[in-house]
Structure formats: structure tokens, C-alpha cells
Amino acid sequence: MKGDHPGDSSSTPPTDQDLMKLIPLDPGEQNTFIGMAACKKCHEQTVQFFEDKVKHAKAVATLDDEALLKKHNLKREDRCIGCHKVGGSDSRGVECEGCHGPAAVHAEVPAKELKKRDYAIGRIAKPDEAWCRKCHNKNSPEFKEFDYKKAYEKIKHKLPPKK
């Protein structure tokens, strides 16, 4: 995925429209966000890992910290929500589609036909450092130095085992 130059402090949070552009469509196709519950139907272990171990899944909840918001003179609806809730309007945080793009077209393909094909033809985006830095940058009031390689090790996940 192409994004802003790594470290570019002018990076802006990705919008749902940005995410929609990640997935090339054939003429007449339409893609939508389906939510993490739909992803879990095929990717149960991955979603469970994400929900249990990855802070992104609970990113919206951090905006309920009144002391933190007051410290930075912010409101929950301010610019913070753009990074804390990515991947469809019903998300509780940064969910699957916040990094991999909308998944309705991907979900319509029978599992036996998918394999790694969707990455190869662009039906599922594979986020890169530039994409991550759209949120992990100096525009965040709580920014700490961001080491992409270290951060990726904490969140990386594999495709489900072949059945």
C-alpha cells in the first residue's frame, strides 16, 4: 500500500474512503465493510488473538479515559477518533478492515479458492510502514517513538491453517 512517507508528521488518519481505495474492484463490483465478527467466521484464531492480545482492538475504549482527554484538552469526538476507530463505522477500534481494507468481496469467495490469492491480486491489503504511520506519528498527543519492526512483531498474524 502506498501511504505518506514514513515519519512524515503531516500524515492524516485513514478514512473509510481511503480504505475503500485499497482494494481494486472489477467493473460492477461493490465492496463494503463487514466487521470483525464476519471475519471471525473463517479467521477465528486470528481474530481471537487480535481481541485478546492486540491493543488496536480496544482503541476506542482508550478515548473513555477522561483524565487523558483533559490532559490534552481534547474531546472524544475530536481528531483522536480518526485513528482510534478505523475500518467501518461500527468498529470498536482498529479492526481487521482498518488495516486490510473492506472485506465483503473477499468474504464472497469460497475458502478453497482463496489460499494466498487475495494478497496476490489485491483483494486484501497488506499494510506497510507508511500505512501504520498514518496514525503512529507525532500528530498523536501520546506519541512515543514508533519502531515499525518491533510493533509489527506484536501484531503479526498468519493465515488460518489449511483444512
**Complete:** Checked segment 22-52 for anything over 16 Å from CYS99 (Cα atoms) and either assigned to a loop (DSSP other than H, G, I, E, B) or free of Cβ contacts under 8 Å to residues at least 40 places away in the same chain (or both); matches are LEU25, ASP26, PRO27, GLY28, GLU29, GLN30, LYS41, CYS42, GLN48, ASP52
**Subset of segment 102-112 that is outside any loop (DSSP other than H, G, I, E, B), closer than 15 Å to HIS43 by Cα and among the aliphatic types (A, V, I, L, M) - its residue that is modelled with the lowest pLDDT** = ALA111
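So if I check each of PHE33, PHE49, which one is in contact with a Gly (Cβ under 7 Å, 6 or more places away or on another chain) and at pLDDT 85 or above?
Criteria check complete, one pass: PHE33.
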**Request:** Would you please list the contacts, defined by Cβ atoms under 7 Å and residues six or more apart or on different chains, that run from a residue in segment 60-88 that is outside any helix (DSSP H, G or I) to a residue that is small (Gly, Ala, Ser) and at pLDDT 80 or above?
**Result:** LYS85/ALA59; VAL86/GLY98; GLY87/GLY98; GLY88/GLY35
**Prompt:** What pairs come up if the first residue lies in segment 90-101 and is within 15 Å of LYS53 (Cβ to Cβ) and part of a helix (DSSP H, G or I), the second is of a type in the set (Gly, Ala, Ser) and at pLDDT 85 or above, and their beta carbons are under 7 Å apart, counting only those six or more places apart or on different chains?
**Reply:** CYS96/ALA103
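The values are calculated or read from the model by the stated rules, or taken from the named source; none is laboratory data. All values derive from a computational prediction rather than experimental measurement. As a convention, Cβ positions derive from the backbone with ideal geometry for all residues, glycine included, and neighbour counts pool all protein chains shown.
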